[in-house]
Amino acid sequence: VNEVNEWYKVLIVAGIGYASAFAIQWWKVSRDEFKSGIDDLCKLIDEAAHAGSEYWLTAAEDPRRGFLEARVTGLQERLAGLHFTAFKRLARSQRNPAVECILNLMKALTWDGFYVADRPPNPALAREVQLWASRSVVAARSAFAGSLSFRAIIRKKLGL
Amino acid sequence: MGAVATGVEEHDMSDVVINIAKDFTKSPGGRYMKDGSFSGELFREKFLVPKIRDAITQSNHVIIELDGTFGYASSFLDEAFGGLVREGYFDQKTLSKNLSFRATEPHVKYYKLLAEQFLSEATENSSVRERA
């Protein structure tokens, strides 16, 4: 009887060990996934800000203007798509600081004068693009920092 | 719903659906008609104002479908939807009752947020720059 009890103990300890290792591994994978998502989003924000401010500073006769216009439009689409598909929890609320900042970035990227062939350069909008891009990066990193805890990941996985 | 113009889909007894890509263009432009083709101002004057007026008189609801285009300039969205209030066509209360947006593609949901924000922030006789 004692021998059987010992076997049970071994099995229980092994089970607990396996479950713990699995939970830790699961958390690490989720954390890395989040981290990679933050990095992708911030990289895209930087890219959009660069293209946007270059577009707004471009002179009317500059032959690159058409290309930059298309580039800004494309980056805006990617920004909207990545933000919504990869980070649904963050994007769910318009009041989320990161969502608000990215909305403001998108406003500045394609505001008045966009698609207007003969508009003069607009340094104010170029600055605004950079400003909201910086704020978006800070807000996105802050929002995700709060999502990296074990508790936050469990809640996310369980859909709470 | 007989008064609904050709090209605009009837959804049910009380909904008039305007799909921007199908009914207007797949490539929306900038803010004003003078800026080029398919501007927000043109969309507002040609589609939105008449349809919303019809909807109000017939106690219907207008749904704007944003899917299917090659993206939107923020100036287009602001002029089309914010302009409804700013230019004095309708007040916020009427629009909240008679107008809503629909977006199913993930990235388009962002434009929906933008359009809703422009609409809610617009005030009658305010200038564009005040809200920029």
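Computed from the coordinates by the stated procedures, all read-outs in this text should not be read as laboratory data. Just so we're clear, the structure is a prediction, and the values are computed from it rather than from any experiment. As a convention, Cβ positions derive from the backbone with ideal geometry for all residues, glycine included, and neighbour counts pool all protein chains shown.
Of the three principal axes defined by the Cα atoms of region B:25-121, the extents in descending order read 33, 32, 23 Å.
Global size of region A:24-64: 17.6, 58 Å for Rg and Dmax (C-alpha atoms, Rg to one decimal, Dmax whole). Measuring nothing but how far apart in sequence close Cα pairs (under 8 Å, 6+ apart) lie, relative to its length, region B:25-121 scores a relative contact order of 32 percent.
Annotation for residue A:16 and residue B:46: the two label points, set 7 Å from Cα along the Cα-Cβ direction, are 7.2 nm apart. Lys and Arg at +1, Asp and Glu at -1: add these up for the other residues within a Cβ distance under 12 Å of residue B:39 and post the number. My count for the surroundings of residue B:39 gives -2.
Remark: for residue pairs B:34/B:93; A:43/B:34; B:26/B:109; A:43/A:107, the C-alpha separation exceeds 26 Å in B:34/B:93; A:43/B:34.
Let me know the charge dipole size of region B:12-117 about its Cα centre in debye, to the nearest 20, where only the beta-carbon of Lys, Arg (+1) and Asp, Glu (-1) is charged. All intermediate terms of the calculation are to be shown ahead of the outcome.
Details: 14 positive and 15 negative charges, 14 e Å.
That gives a dipole near 60 debye.
Principal axis extents of the C-alpha atoms in region B:56-113 (largest first, rounded to whole Å): 32, 22, 15.
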